[in-house]
Amino acid sequence: MATRRAAPQPLAAYVLHHHDWSESSLILELFTREQGRVAAIAKGAKRPYSQLRAVLLPFQRIMVLLGSKREEQGTEVSLLRSAEWAGGGPMLGGAALLAGFHLNELLLRGLARHDPHPALFDAYAASLPVLATGDEAEVAAALRAFELCLLSETGVLPELSRITATQSTVAASARHQLAPEVGVCAQAEGPPGSISGITGATLVALQAALSAGDLAGLRQACLGALPELRSQLRQLLHYHLGTSTLRTRALMVEVQKLID
């Protein structure tokens, strides 16, 4: 007796990126909770009256059904059978839009396809409403917290509460560096005006929040060391993502220059 194949189940997803596949269709980069990052063909999505045009928007949670797979330019691509809006906050705009695309770029560069990270998906979903608030400090804390989540989920973030080389607990009042090749280490003497290290107390709070899966607590811990975290996490990200610069970060700098 033939075994009936189970029907595909809807997947919670966000559109990270898309590019043209034909005159009427798109190839999507989706971030799904159940399957991680996947590529999918959205046939007819560019047609003026396609119902998909109003659904396949960035930063909006959707439910998708994926069908058969095929090889396209050396990549396994699924057929998008359907997509429905699953609720979400307002569309991002201005600086929030750039911040959102920064998160998307991190996911595109930092995650292999078909490698699920449900906790990172939830962190992404919870970060988007914070970006929309327009509060500069809260947005910066949300970005740093998500960067820490990404590095932790992909296994490249050292345990923040310990000196990596000795595994001794960081001293609460001492300052430390997150060096890409050696992990957590004591702060070296730098030139006057250089970015100071991160206190051991902050590192312990960051690690506790990461271990507990407490994203709100992680953002709160980031608030006390935003300049230091921005500088040091940038080095970690460039090292582990294999790039000397992130496109969205470079664009943010150019936009800030225009504003100033």
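The values are calculated or read from the model by the stated rules, or taken from the named source; none is laboratory data. The shown structure was predicted, so the numbers you read here are calculated from the model rather than taken from an experiment. As a convention, Cβ positions derive from the backbone with ideal geometry for all residues, glycine included, and neighbour counts pool all protein chains shown.
Do any residues in the stretch 146-172 that are part of a helix (DSSP H, G or I) have Cβ atoms under 6 Å from those of residues that are not aliphatic (A, V, I, L, M), where the two are at least six apart or on different chains, and which pairs are they?
The qualifying pairs are 146/127; 150/110; 153/117.
Quickly run through the stretch 22-44 and pick out the residues that are of a type in the set (Gly, Ala, Ser) and within 20 Å of the chain's Cα centre (by Cα).
Matches in the stretch 22-44: 36, 39, 40.
Looking at 93, 110, 87, can you tell me which residue is touching a residue at least 40 places away in the same chain (Cβ under 8 Å) and either more than 20 Å from residue 225 (Cα to Cα) or in contact with a His (Cβ under 7 Å, 6 or more places away or on another chain) (or both)?
It is 110.
Which condition from (1) under 30 Å from residue 157 (Cβ atoms); (2) at pLDDT below 90; (3) not in a helix (DSSP H, G or I) is the one that residue 37 breaks?
So the condition that residue 37 fails would be (2).
What single numbered condition from (1) touching a residue at least 40 places away in the same chain (Cβ under 8 Å); (2) buried (at least 19 other Cβ atoms within 10 Å of the Cβ) fails to hold for residue 119?
That leaves (2) as the condition not met.
Within the group 95, 119, 123, 86, which residue is farther than 18 Å from residue 12 by Cα and either at pLDDT 95 or above or small (Gly, Ala, Ser) (or both)?
Sole residue among the options that is farther than 18 Å from residue 12 by Cα and either at pLDDT 95 or above or small (Gly, Ala, Ser) (or both): 95.
Being of a type in the set (Gly, Ala, Ser) and surrounded by fewer than 18 Cβ atoms within 10 Å (Cβ to Cβ) is the filter here; which residues of the stretch 26-60 pass it?
44, 50, 54
Determine whether the stretch 213-222 contains at least one residue that is part of a loop (DSSP other than H, G, I, E, B) and either modelled with pLDDT of 95 or more or within 30 Å of residue 17 (Cβ to Cβ) (or both).
Within the stretch 213-222 (the criterion being part of a loop (DSSP other than H, G, I, E, B) and either modelled with pLDDT of 95 or more or within 30 Å of residue 17 (Cβ to Cβ) (or both)), the answer is yes, since at least one residue qualifies.
Given the conditions (1) closer than 28 Å to residue 239 by Cα; (2) surrounded by 14 or more Cβ atoms within 10 Å (Cβ to Cβ); (3) not assigned by TED's automatic domain parsing to the domain that holds residue 218, and given that residue 76 satisfies all but one, which numbered condition is not satisfied?
(2)
Of (1) surrounded by fewer than 17 Cβ atoms within 10 Å (Cβ to Cβ); (2) without any contact (Cβ under 8 Å) to a residue 24 or more places away in the chain, residue 185 satisfies all except one. Which?
All conditions are met except number (1).
Has the stretch 92-105 got at least one residue that is surrounded by fewer than 20 Cβ atoms within 10 Å (Cβ to Cβ) and farther than 27 Å from residue 152 by Cβ?
Looking for residues that are surrounded by fewer than 20 Cβ atoms within 10 Å (Cβ to Cβ) and farther than 27 Å from residue 152 by Cβ, one finds at least one in the stretch 92-105, hence yes.
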